[in-house]
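None of the figures in this text is laboratory data; all of them are computed from the coordinates on show. Since we're looking at a predicted model, the values are computed, not measured. With ideal geometry, Cβ positions are generated from the backbone for all residues, glycine too; neighbour counts draw on all protein chains shown.
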Amino acid sequence: MPEKILAMQSLVKTYIMGEEEQVVLKGIDLEINRGDFLSVLGPSGSGKSTLMNIIGCLDVPTSGSYYLSGELIRDLPEVDLSHIRNREIGFIFQQFQLLPRKRTAGPQCPYSGTGGAGR
Ligand SMILES: Nc1ncnc2c1ncn2[C@@H]1O[C@H](COP(=O)(O)OP(=O)(O)O)[C@@H](O)[C@H]1O
Ligand SMILES: [Mg+2]
């Protein structure tokens with residue numbers, strides 16, 4: 001019996017921009033088992049990042065349910081969400097989100113060279 005690590009039912013995400021309401025995710029049903037590899041494909045603007053943000057607990061759905069390791073994510077306080085982000089989910093970003101490879105030429109750390117007592 002495969003171990004289900006992620007389950008979504010009728011998941012909807014709506015953005016409200018001023019007067020306009022845009023339904024981006026229109027009722028996603030998804031199950032992922034341990035060991036699965038999955039690609040999310042679609043044209044630009046189709047909602048891939050929106051879905052990834054919800055999977056990564058960076059955002060919450062407007063309606064529907066999202067279970068991660070059997071836990072309903074919607075009901076968790078922010079401190080628990082940050083623990084999940086820290087311990088259970090890893091993202092590799094397309095741009096790697098690393099600092100540019102530059103020598104530091106701007107402001108230095110204000111405490112640089114200051115002993116503990118002087119901070
Ligand atoms: N924070 C936001 N506020 C309002 N609209 C958003 C926001 N994020 C994404 N959208 C809109 O949702 C749609 C899907 O965007 P997105 O998930 O980034 O698509 P993709 O990653 O597939 O290119 C787009 O129309 C985008 O403009
Ligand atoms: Mg995207």
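Can you name every residue in segment 60-70 that is farther than 16 Å from Ser10 by Cα and surrounded by 13 or more Cβ atoms within 10 Å (Cβ to Cβ)?
Start the filter on segment 60-70 by keeping residues that are farther than 16 Å from Ser10 by Cα, which leaves 69-70.
Of everything in segment 60-70, just one residue is farther than 16 Å from Ser10 by Cα and surrounded by 13 or more Cβ atoms within 10 Å (Cβ to Cβ), namely Ser69.
Is there a residue in segment 6-13 that is loosely packed, with under 14 Cβ neighbours inside 10 Å, under 16 Å from the mean Cα position of the chain (by Cα) and either more than 26 Å from Val79 (Cβ to Cβ) or more than 13 Å from ligand 1 (Cβ to nearest atom) (or both)?
Within segment 6-13, none of the residues are loosely packed, with under 14 Cβ neighbours inside 10 Å, under 16 Å from the mean Cα position of the chain (by Cα) and either more than 26 Å from Val79 (Cβ to Cβ) or more than 13 Å from ligand 1 (Cβ to nearest atom) (or both).
What about Pro43, is it over 18 Å from the mean Cα position of the chain (by Cα) and closer than 21 Å to Phe93 by Cα?
yes
Does any residue in segment 24-52 that is free of Cβ contacts under 8 Å to residues at least 12 places away in the same chain and in a loop (DSSP other than H, G, I, E, B) come within less than 8 Å, Cβ to Cβ, of a residue that is of a type outside the set (Lys, Arg) and more than 16 Å from ligand 2 (Cβ to nearest atom) six or more places away or on a different chain, and which pairs are these?
Cβ pairs passing all conditions: Leu38/Ile32.
Does Gly56 qualify as being loosely packed, with under 11 Cβ neighbours inside 10 Å, of a type in the set (Gly, Ala, Ser) and under 13 Å from the mean Cα position of the chain (by Cα)? Before the answer, list the steps.
Values: loosely packed, with under 11 Cβ neighbours inside 10 Å: no; of a type in the set (Gly, Ala, Ser): yes; under 13 Å from the mean Cα position of the chain (by Cα): yes.
When the stated conditions are applied, Gly56 does not pass them.
Taking the condition of being within 14 Å of Leu6 (Cα to Cα), more than 16 Å from ligand 2 (Cβ to nearest atom) and in a loop (DSSP other than H, G, I, E, B), how many residues in segment 53-89 meet it?
5
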